[in-house]
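**Q** Let me give you the structure first, and then I'll get to my questions.
The values are calculated or read from the model by the stated rules, or taken from the named source; none is laboratory data. Since this is a predicted model, take the numbers as computed values, not measurements. Here the Cβ positions follow ideal geometry from the backbone for every residue, glycine too, while neighbour counts run over all protein chains shown.
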């Protein structure tokens, strides 16, 4: 197949590009030219800004398109308008955040989802082209705008649209550093300073998925013409198991120091940003890491063993220890938590 990957030099886009090339497809990537990532041999780079002039696409014909970086419905409509009506499959990378609230456990693809309001759309329209290319720019409107993107694609292409509501992406090259922070912190623990603070309870649920597993499932959906909406993340597992797996993979001296959430909040530490992977215990986030993936699993979604994600992530991060991470505890915050009593 002749395939276009929008954002094909990004974290997920790069993984999708690699999967397509490995499967023998003819691949082009649409890029702005700002990411210095080498492309596999034979991959064509088409340089254009999706929020600007896309007329260059009118000179190309594609069977499939994988869109990893649309954050507002106008971005979807302008891309599909430039590509024409010959597409057999449009695979849109949406987000678990589209559900908006997570008070209910096991959210599935049949559950109601809010779409963007006029205020959400105005926020998107008010951003500069550079800001529009970053998910973080959309703030609290991000999830609703992703839903609006799903609806826009379905309006244009109907059953030729596949929307993947992806959970927390992890792996070597992850630009968010959420799992990377834990890997680095545990790897840097020493026998002289083994204690690493962690948010109790040990049984705290997490869901995350290797970027390569998302890429593989995206390809499966295109090959098997699977349209509609799909939750794409791992089954839930315990944070304690994740951190112990990192300790084992890094052969680390780390000793986990489990701290009650009330002490974390009292110390002014923000879940998710200061303490990655930890969601706050608020009703709207109660089951953020507990969505239902049954439908995708039945259609071919598989998640590799955790060590197969951690090993390359650890090796990659060990080559970049001079790079500051985008999230995680400061030394002062960590010291405050380590003064608290250990709990299970």
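**Q** Tell me yes or no: at least one residue of the stretch 221-233 is buried (at least 19 other Cβ atoms within 10 Å of the Cβ), part of a strand (DSSP E or B) and over 20 Å from the mean Cα position of the chain (by Cα).
**A** no
**Q** Does the stretch 1-10 hold any residues that are out of contact with any helix residue (DSSP H, G or I) (no Cβ under 6 Å at 6 or more places or on another chain) and crowded, with 17+ Cβ neighbours inside 10 Å, and which are they? Talk me through it step by step, then tell me what you get.
**A** First pass over the stretch 1-10, keeping only residues out of contact with any helix residue (DSSP H, G or I) (no Cβ under 6 Å at 6 or more places or on another chain): 1-2, 4, 6, 9-10.
Selection gives 4, 6, 9, 10.
**Q** For residue 32, all conditions in the list (1) buried (at least 21 other Cβ atoms within 10 Å of the Cβ); (2) under 21 Å from residue 146 (Cβ atoms); (3) modelled with pLDDT under 95 hold save one; what is the number of the exception?
**A** So the condition that residue 32 fails would be (1).
**Q** Which residue out of 75, 70 is assigned by TED's automatic domain parsing to the domain that holds residue 8, under 22 Å from the mean Cα position of the chain (by Cα), within 19 Å of residue 160 (Cα to Cα) and in a loop (DSSP other than H, G, I, E, B)?
**A** Result of the check over 75, 70: 70.
**Q** Please report, ordered by residue number, the helices (runs of 4 or more DSSP H) entirely within the stretch 128-194 with at least 3 residues that are surrounded by 20 or more Cβ atoms within 10 Å (Cβ to Cβ).
**A** So the answer is 142-157, 178-187.
**Q** Which one of 43, 76, 65 is in contact with a helix residue (DSSP H, G or I) (Cβ under 7 Å, 6 or more places away or on another chain), surrounded by 16 or more Cβ atoms within 10 Å (Cβ to Cβ) and free of Cβ contacts under 8 Å to residues at least 40 places away in the same chain?
**A** 43
**Q** Residue 146 passes all but one of (1) closer than 30 Å to residue 336 by Cα; (2) within 22 Å of the chain's Cα centre (by Cα); which number fails?
**A** Of everything listed in (1) closer than 30 Å to residue 336 by Cα; (2) within 22 Å of the chain's Cα centre (by Cα), residue 146 misses just condition (1).
**Q** Can you tell me which residue among 14, 24 is surrounded by fewer than 20 Cβ atoms within 10 Å (Cβ to Cβ) and at pLDDT 95 or above?
**A** After applying the criteria, what remains is 24.
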